[in-house]
Amino acid sequence: MHRLLAAALTTAFAAALAVGAAFGIVALLNATPDQPNNPLVTYETAQQER
């Protein structure tokens, strides 16, 4: 019974650690500022020339 309890606690701890790491990674990715989406090259269209 001791081994079963230890295995269950180890599994629960590992699952909680994995969930916490996943939430931490998502929080870090959301904390980084978005880069501006400015094109490096623009082409004139017929409407812009007028």
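The values are calculated or read from the model by the stated rules, or taken from the named source; none is laboratory data. Model, not experiment: these values are computed from the prediction. Cβ coordinates were reconstructed from backbone atoms using ideal geometry, including for glycine residues, and neighbour counts include every protein chain displayed. Each accessible area value is taken on the protein alone, full model and side chains, heavy atoms only, with ligands, DNA and RNA left out. Shrake-Rupley method; radii C 1.70, N 1.55, O 1.52, S 1.80 Å.
At 1.4 Å probe radius, can you tell me the per residue accessible area of the chain in Å²?
It amounts to 105 Å² per residue over the chain.
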**OP:** Quick one: accessible surface of Leu28, probe radius 1.4 Å, all protein chains present, in square angstrom to the nearest 10.
**Re:** 120 Å²
Original post:
Counting other Cβ atoms within 10 Å, which chymotrypsin sites (Phe, Trp or Tyr not before Pro) in the chain have at most 14 and lie in a DSSP loop?
Top reply: Tyr43
Original post:
Could you work out the helix-only [θ] at 222 nm for the chain, with each DSSP H run of four or more residues adding -39,500 (n - 2.57) and the total divided by the number of residues, to the nearest 500 deg cm²/dmol?
Top reply: -23000 deg cm²/dmol
Original post:
Projected area of the chain, taken from the Cα convex hull and averaged over every viewing direction, in nm²?
Top reply: 6.3 nm²
**OP:** Using only Cα atoms, find the angle between the long axis of helix 2-31 and the longest principal axis of the chain, and express it within 0 to 90 degrees, rounded to the nearest 10.
**Re:** 20 degrees
